[in-house]
1. How many of the residues in the range A:227-275 are within 14 Å of chain B (Cβ to nearest Cβ), assigned to a loop (DSSP other than H, G, I, E, B) and either touching a helix residue (DSSP H, G or I) at 6+ places or on another chain (Cβ under 8 Å) or surrounded by 14 or more Cβ atoms within 10 Å (Cβ to Cβ) (or both)?
2. Look through the range A:276-290, keep the residues that are touching a residue at least 60 places away in the same chain (Cβ under 8 Å) and not in a loop (DSSP other than H, G, I, E, B), and return whichever of them is farthest from A:SER228 (Cα to Cα).
3. Give the range A:208-221 a look and list any residue that's outside any loop (DSSP other than H, G, I, E, B) and more than 8 Å from chain B (Cβ to nearest Cβ), or say none.
4. All but one of (1) within 36 Å of the chain's Cα centre (by Cα); (2) touching a residue at least 24 places away in the same chain (Cβ under 8 Å); (3) surrounded by 18 or more Cβ atoms within 10 Å (Cβ to Cβ) hold for A:LEU301; state the number of the condition that does not hold.
5. Where residues in the range A:304-335 are touching a residue at least 40 places away in the same chain (Cβ under 8 Å) and among the acidic types (Asp, Glu), which of them is surrounded by the most Cβ atoms within 10 Å (Cβ to Cβ)?
6. Of all residues in the range B:97-120 being touching a residue at least 24 places away in the same chain (Cβ under 8 Å) and polar (S, T, N, Q), which is surrounded by the most Cβ atoms within 10 Å (Cβ to Cβ)?
7. Out of the range B:161-171, which residues are within 11 Å of another protein chain (Cβ to nearest Cβ) and farther than 19 Å from A:CYS304 by Cα?
8. Answer with yes or no whether B:ILE174 is surrounded by 18 or more Cβ atoms within 10 Å (Cβ to Cβ), hydrophobic (A, V, I, L, M, F, W, C) and more than 9 Å from chain A (Cβ to nearest Cβ).
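The values are calculated or read from the model by the stated rules, or taken from the named source; none is laboratory data. Here the structure is a predicted model, which is why all the values come from computation and not from measurement. Glycine gets a Cβ as well: all are built from the backbone with ideal geometry, and neighbour counts include every protein chain shown.
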Amino acid sequence: MADHHDGESGGGTVGTAVEKTVPKDSAPGTAVVVADRVENPGFPPFRARVGDKFPAKQREAEKRVSLLFILSIVGTVAAITAYIIFPITPGDMLSVRLNNLFLGIGMTLALLGIGIGAVHWSKSLMNGHDLVEMRHGTRGSDETRAAAVEIFRLGNEESGFGRRTLIRNTLIGALVVTPLPAIVLFRDLAPAADPVAGLKHTLWAKDTRLTRDPSGTPIKASDVTLGSVFHVIPEGLNDATDKLEQKAKAAVLLMRMKPEDLHPSAGRENWAYDGIVAYSKICTHVGCPVALYEQQTHHLLCPCHQSQFDITHEAEVIFGPAKRPLPQLPITIDADGYLIARSDFTEPVGPSFWERTL
Amino acid sequence: MRMGTRTRMTKNTASRPKRQAGRRHPLTAVALITIGLFSTGGVYTLFTSSASAANSTATAGTLEDGGKLFAANCATCHGVNLEGTKNGPSLIGVGAAAVEFQVATGRMPLAQNGPQAEKKPVQFTSDQITALYTFVASRAPGPAIPDAKYLQANGDTAAGAELFRINCAMCHNIAGAGGALTQGKFAPPIGGVSPQHIYEAMITGPQNMPVFNDMNLTPQDKANIITYLKFLDKSPSVAGYELGSLGPVSEGLFLWIFGLGAIVGVTVWLAAKSN
């Protein structure tokens, strides 16, 4: 309690070679003297802890702290023991769980024991008075500053940096040019082809058969019974070299409902076949796969942001953040009764992008 | 205040002789009501249990019994000739599998109108259920009870998992934990559901679930999916408690409440003065 400062007396010069900066009394630029500076209220009165009053309590606290440290030792031993007792057996996932659980409990005890013990030690046994360490100015002394300037001047003089301008300018030029290879390298991370064209077209084309995901077997119109839903990929997708990129655009959901339930707009009457409709599975909001089909309400729900599409009305948005209906894939059947596409999607699938005009 | 205590004292002294004079104890009424409730309930249970016993003895899995059960329990909504009413869909052509699924999971008979029929205690004995689906299947062809060889959960787990991810996981969750649909409807969790009911649900498409017929998922595909689901049932979660297998929702909530709560608690403890 001897060094119970009151905030002002500490000064800024303890152990440092810097001057204390004096706070300004007037606000800069106004010349108004601030009269009502808040007085330093000082510290709240010192409150003795139980350990300060009764030495017996200090011994108790000492025991508690060392008990926490002993607990940490026990935790360390337990972690090693657990690692040996519950080894990870390849193929047995439960062994991983047991191993991790008991190893973790042991290491938690080991670390928390040290941490809580240290804090408890400082709070209950170490000196309990309040003190303030004053912040001091960061400006160096005039001698230090002069010495620094002198070092720079000497460096310039000895190297001739300011004098030999040819060397200086070529060095600056070389430094400026160094990052250029990175620009060339990173440019090649982008697709070589124009990405906009890729976004506007999918693997679907005229007469491409609709096939089952993932087997790639073609689907007959008669296979799709009322209330059915098929997850569809275009024929040949499984052989594509960029299969995943193509699937991300071409995934389609095939549903059958009663033909009288559909309400196609003018020009799209023949896009469905006998109540069978195919819609892009990629949400027009941010591109999640929309496949939560309710066969009674004919609603499609996107699980990411709850956009709902009404399949009976050309997948118009009836709820949620999506702004456009899902693109419909025009379909018909070929001579063998298999479902085929009439064309590619007539608009880009998935979320909006900058160059999209539709 | 003093007045109050005085009056209470006088009241006490007044009531004490009354009780000694043979008046009922205040708790008598409570005891009488309890006895009355228990006896009424007991008698009611006796009657109803004897009635249901009579019911089960009357069923022998025959077509006529199925017809009678249907007329008594289902025809109000589904029509006497399965033609459906404005309260319930037609059952013509739904097949034995649909009836078995709906009745043996307790979804039918419906307890009340709502977004969807929920699983609840089964209302019929297995004999009665057999009679019911035999009767419904006899009226029009439809999906039959699945062959037991597809329900053994001994198929290809990896193939089943891939099919499950493509066809089922968007509604039922990758771990089969179920998920929300629109306007109060939901895809139920499918952990612990019997292989027969999983198969029947796929082939009949109960309520808002789409149909996955044998041309879409072959019986062997369905057997593989069942194999995967049974594998999930008996495989423990590697990372400990699953919190419903709902992913970031439940796990994030847990961390926000308990993780941040613990951090706040420790911070308060660190900064508080010791006493």
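1. 4
2. Taking the candidates together, the pick is A:ILE282.
3. Those that are outside any loop (DSSP other than H, G, I, E, B) and more than 8 Å from chain B (Cβ to nearest Cβ): A:ARG209, A:LEU210, A:THR211, A:PRO218, A:ALA221.
4. Status for A:LEU301: all satisfied but (2).
5. Step by step, filter the range A:304-335, then rank; the result is A:GLU314.
6. Among residues in the range B:97-120 that are touching a residue at least 24 places away in the same chain (Cβ under 8 Å) and polar (S, T, N, Q), the one surrounded by the most Cβ atoms within 10 Å (Cβ to Cβ) is B:GLN102.
7. B:GLU162, B:LEU163
8. Spelling it out, it is not the case that B:ILE174 is surrounded by 18 or more Cβ atoms within 10 Å (Cβ to Cβ), hydrophobic (A, V, I, L, M, F, W, C) and more than 9 Å from chain A (Cβ to nearest Cβ).
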